[in-house]
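Asks: Quick one: the structure is below, questions incoming.
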Amino acid sequence: MNRKLERVFRDRPLTAEETARENEVRRAVQAEFPPVTASHESRSDSLGEALRKAIRDSTQPAAEIAEKAHLSPLALSKFLAGERDIHLETADRLAEVLGIKLAGS
């Protein structure tokens, strides 16, 4: 199973049969290996989602929250958009700035 993968370049358009076969293989692979982000995004009870909600509900401007938490406004913007994660230390600083505390379950 130590096979080296090679990149394939097509020199012509695919036929209808080849396209159907590629789509079938793609569906099978996606069924076996679903995207990681799908399960991550659906967790409304996650710490990240709680922070995003607290930031959106805050009366403080996002730029001010970022500054107080020693985080770049761009990084905060990407976090709010779900395009990136943050470190736990950053989450702690954001929670402190927002005045929220974690409760054990």
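Taken together, the values in this text are just the output of simple stated rules run on the coordinates, not laboratory data. Please read all numbers here as calculations on a predicted model, not as lab measurements. Don't worry about glycine lacking a Cβ; one is built from the backbone with ideal geometry, like all the others, and counts go over all protein chains shown.
Asks: What is the count of Lys pairs in the chain whose alpha carbons sit under 30 Å apart, if the two are 8 or more places apart or on different chains? Write out the running numbers ahead of the final one.
Replies: Details: Lys53/Lys68; Lys53/Lys78; Lys53/Lys101; Lys68/Lys78; Lys68/Lys101; Lys78/Lys101.
For the chain, qualifying lysine pairs total 6.
Asks: With point charges of +1 on the Cβ of Lys and Arg and -1 on the Cβ of Asp and Glu, referenced to the Cα centre of the chain, which listed residue (Ile100, Ala63, Leu74) lies farthest in the positive direction of the dipole?
Replies: It is Leu74.
Asks: Still on this structure: So what's the back-of-envelope 222 nm ellipticity for the chain, counting only DSSP H runs of four-plus at -39500 (n - 2.57) apiece and dividing by all residues, rounded to 500?
Replies: My calculation for the chain gives -17000 deg cm²/dmol from helical runs alone.
Asks: Taking neighbour counts of Cβ atoms within 10 Å as a proxy for exposure, in what order, fewest first, do Asp45, Asp85 appear?
Replies: Result, fewest neighbours first: Asp45, Asp85.
Asks: Here is a further query. Cα-based Rg of the chain per 2.2 N^0.38 Å, rounded to two decimals?
Replies: Details: Rg = 21.4 Å, N = 105, 2.2 N^0.38 = 12.9 Å.
That ratio works out to 1.66.
Asks: What are the extents of the Cα atoms of region 44-98 along their three principal axes, in Å, largest first?
Replies: Answer, in whole Å and largest first: 25, 20, 19 Å.
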